[in-house]
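Participant: One structure, as structure tokens, below. Some questions next.
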């Protein structure tokens, strides 16, 4: 039975306040289950990174969480809403329960501190009772797991290659054995070979350590291979959510379809590449109704007037998937 | 280590060049120090005395420029900088030895204090952007735009006076003999308060502004977000992640300002008639005292060089990226 570990409910994020506010994430409801890899895909500006920052309350100003809750279920004990934690509780929650691997692999490490300093300070902050030797042993063990030899502990970030730095970041993200790891385009800055190596390692580590991953990327082909479920985001909303295989073979939202047709699949039969016409919507002036309708090849009257809600598609009686689209057989 | 040796070679070369220029400049200036000394004694000197004065100043007309140059270097290494005219016949080295500690104590301590205070305030102002600390900014901009001498004169006019606690000039009570006793030190501190405070006021704002700006720049770096995401205590993120990195440009600025401690104090010491090296220079210029000027310039040049070397070393220690070998 799947148990949830992180439940994002009706989550809203605005940039700015009042009339001028831009709604970057709107009414997102998403559940991450224990031990799964949930992929979150979408174009630039679809709000996927904002969602990640919002969930961990790391949004830089003027980002404001304007509504919703993020319920975290610890392995033992009662579930709690991350949004209501005090500053001190939030600090304890961060990294120990939910860690993040950021987009900028190159700049995520402080250039003036050794790798060891940056790994040990997080262990020290969360587990002060651990002896210094135990901390070092823990950090070394974790680096070994991600394929970095222990003697690299004393290296400075500029002495490591991009791939090594990202491995260090992943090792650092796992060092407290969190339940949830949010990965925000962790491999965008790396070449394809390094990308695969790191992801393969990640999948292996997940099996060993049992954490859940929220994997954010614009590279849908990558998600199809590595994730258990995929959620597609467009204009700040989730438009479709399904198991990877289902989404790949039988996508229901025209946008998902467009995304899938935008790049060659890594495996499977050949198919025509087409891309999506037009450009992502301007968040300051979202189209009425379904925000995808100006670019949608199958749009009809209803699409420009009413916003479709994310529901189990009427044509597929499958509780594991949902879609927000007015086309027949989808949202009722 | 190799890097350090390279820098060292560079500084030795620069020092050589500076000293050589220092040698030539007085010889290129129309008229010579001896003539002005003779004028001072108004013809009461014999020809022999005049000739020996030329030899004494290393300006022997019979010696070639090259042998003068060699002699000059010999003198520099012996610490012999010639005799001062103003305080004839006190050697320049002796005058500098007396005035240097005053300058270093007053300006050295205030520069250090100003750097520490300014940097700490800048860290806070940059970190708590949008809080009351921002109110500090217009004030500091205003203070940094006040010309120093005006601030000094204002301080003297308003605070110093015959009945005031703050003396308006000098380094210590005129009746006292310089020594390490409580009375003299107390008097020296009392005399240094007003110049110190005015230096502090006019220089601290520069540190605040640069440090704040660097903090704001660094605060948007990815590793700061990561540090927050790691759940580190706020203080640790501010000090060890943000301020530590923002400090780098300020440290080299600080090292450079150490070099200008000696040279940059002219106005302070003139306004407060403080017995430091800047005041020496002022007196030397007033009475065409070439050897003293040369000596002061030498000290200024060397201190700037040493400060630069310190800046290099400090940077090497603080920023691992500048170290070439692992």
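The values are calculated or read from the model by the stated rules, or taken from the named source; none is laboratory data. Predicted, not measured: the structure shown is a model, and the values here were computed from it. Note: ideal-geometry Cβ built from the backbone for every residue, glycine included; neighbour counts use all protein chains shown.
Participant: Is at least one residue of region B:30-52 part of a helix (DSSP H, G or I), more than 21 Å from residue B:284 (Cβ to Cβ) and modelled with pLDDT of 85 or more?
Facilitator: No, because not a single residue in region B:30-52 is part of a helix (DSSP H, G or I), more than 21 Å from residue B:284 (Cβ to Cβ) and modelled with pLDDT of 85 or more.
Participant: Can you say whether residue A:101 is more than 20 Å from the chain's Cα centre (by Cα) and either surrounded by 24 or more Cβ atoms within 10 Å (Cβ to Cβ) or within 15 Å of residue B:237 (Cα to Cα) (or both), as far as the supplied structure shows?
Facilitator: no
Participant: In region B:137-164, how many are farther than 22 Å from residue B:269 by Cβ and surrounded by 14 or more Cβ atoms within 10 Å (Cβ to Cβ)?
Facilitator: Summing the residues that are farther than 22 Å from residue B:269 by Cβ and surrounded by 14 or more Cβ atoms within 10 Å (Cβ to Cβ) in region B:137-164 gives 2.
Participant: Return a yes/no flag: does region A:107-126 have any residue that is modelled with pLDDT of 90 or more, touching a strand residue (DSSP E or B) at 6+ places or on another chain (Cβ under 6 Å), within 24 Å of residue A:185 (Cα to Cα) and within 14 Å of chain B (Cβ to nearest Cβ).
Facilitator: No, that holds for no residue.
Participant: Still on this structure, I have one more. Might you check whether a residue that is more than 17 Å from residue B:103 (Cα to Cα) and without any contact (Cβ under 8 Å) to a residue 60 or more places away in the chain occurs anywhere in region B:264-276?
Facilitator: There is no residue in region B:264-276 that is more than 17 Å from residue B:103 (Cα to Cα) and without any contact (Cβ under 8 Å) to a residue 60 or more places away in the chain.
Participant: So residue B:243 ticks every box in (1) at pLDDT below 90; (2) buried (at least 19 other Cβ atoms within 10 Å of the Cβ) but one. Which box is left unticked?
Facilitator: Result: residue B:243 passes all but (1).
Participant: Go through the residues of region A:151-160 one by one and say whether even a single one is in contact with a helix residue (DSSP H, G or I) (Cβ under 8 Å, 6 or more places away or on another chain), more than 12 Å from chain B (Cβ to nearest Cβ) and surrounded by fewer than 18 Cβ atoms within 10 Å (Cβ to Cβ).
Facilitator: No, every residue in region A:151-160 fails to be in contact with a helix residue (DSSP H, G or I) (Cβ under 8 Å, 6 or more places away or on another chain), more than 12 Å from chain B (Cβ to nearest Cβ) and surrounded by fewer than 18 Cβ atoms within 10 Å (Cβ to Cβ).
Participant: Which pairs have Cβ atoms under 8 Å, sit 6 or more apart or on different chains, and link a residue in region A:83-94 that is more than 8 Å from every other protein chain (Cβ to nearest Cβ) to one that is surrounded by 17 or more Cβ atoms within 10 Å (Cβ to Cβ) and assigned to a helix (DSSP H, G or I)?
Facilitator: These pairs meet every condition: A:85/A:93.
Participant: A further question on this structure: Just checking, which of B:302, B:318 is over 15 Å from the mean Cα position of the chain (by Cα), surrounded by fewer than 20 Cβ atoms within 10 Å (Cβ to Cβ) and either more than 14 Å from chain A (Cβ to nearest Cβ) or in contact (Cβ under 8 Å) with a residue 40 or more places away in the chain (or both)?
Facilitator: That would be B:318, the only listed residue that is over 15 Å from the mean Cα position of the chain (by Cα), surrounded by fewer than 20 Cβ atoms within 10 Å (Cβ to Cβ) and either more than 14 Å from chain A (Cβ to nearest Cβ) or in contact (Cβ under 8 Å) with a residue 40 or more places away in the chain (or both).
Participant: Still on this model: As an exercise: evaluate residue A:97 against (1) within 13 Å of chain B (Cβ to nearest Cβ); (2) touching a residue at least 40 places away in the same chain (Cβ under 8 Å); (3) touching a helix residue (DSSP H, G or I) at 6+ places or on another chain (Cβ under 6 Å) and give the number of the one condition it does not meet.
Facilitator: Residue A:97 satisfies all of (1) within 13 Å of chain B (Cβ to nearest Cβ); (2) touching a residue at least 40 places away in the same chain (Cβ under 8 Å); (3) touching a helix residue (DSSP H, G or I) at 6+ places or on another chain (Cβ under 6 Å) except (3).
Participant: Residues in region B:205-221: is at least one within 7 Å of chain A (Cβ to nearest Cβ) and surrounded by 17 or more Cβ atoms within 10 Å (Cβ to Cβ)?
Facilitator: Within region B:205-221 (the criterion being within 7 Å of chain A (Cβ to nearest Cβ) and surrounded by 17 or more Cβ atoms within 10 Å (Cβ to Cβ)), the answer is yes, since at least one residue qualifies.
Participant: Are any residues in region B:227-257 in a helix (DSSP H, G or I) and facing chain A (nearest Cβ under 9 Å), and if so, which ones?
Facilitator: Of everything in region B:227-257, those that are in a helix (DSSP H, G or I) and facing chain A (nearest Cβ under 9 Å) turn out to be B:227, B:228, B:229, B:234, B:236, B:240, B:241, B:244, B:245, B:248.
Participant: Here's a follow-up. Could you list, in sequence order, all residues of region A:319-332 that are surrounded by 13 or more Cβ atoms within 10 Å (Cβ to Cβ) and in a loop (DSSP other than H, G, I, E, B)?
Facilitator: A:321, A:324, A:325, A:326, A:327, A:330, A:331
Participant: Taking the criterion of being within 24 Å of residue A:34 (Cβ to Cβ), within 11 Å of chain B (Cβ to nearest Cβ) and modelled with pLDDT under 90, would at least one residue in region A:66-76 satisfy it?
Facilitator: No, the conditions are met nowhere in region A:66-76.
Participant: Checking residue B:231 against (1) closer than 14 Å to residue B:95 by Cβ; (2) touching a strand residue (DSSP E or B) at 6+ places or on another chain (Cβ under 6 Å), only one condition comes out false. Which one?
Facilitator: (1)
Participant: So, in region B:65-119, exactly how many residues are over 23 Å from the mean Cα position of the chain (by Cα) and part of a helix (DSSP H, G or I)?
Facilitator: The number of residues fulfilling the criteria is 12.
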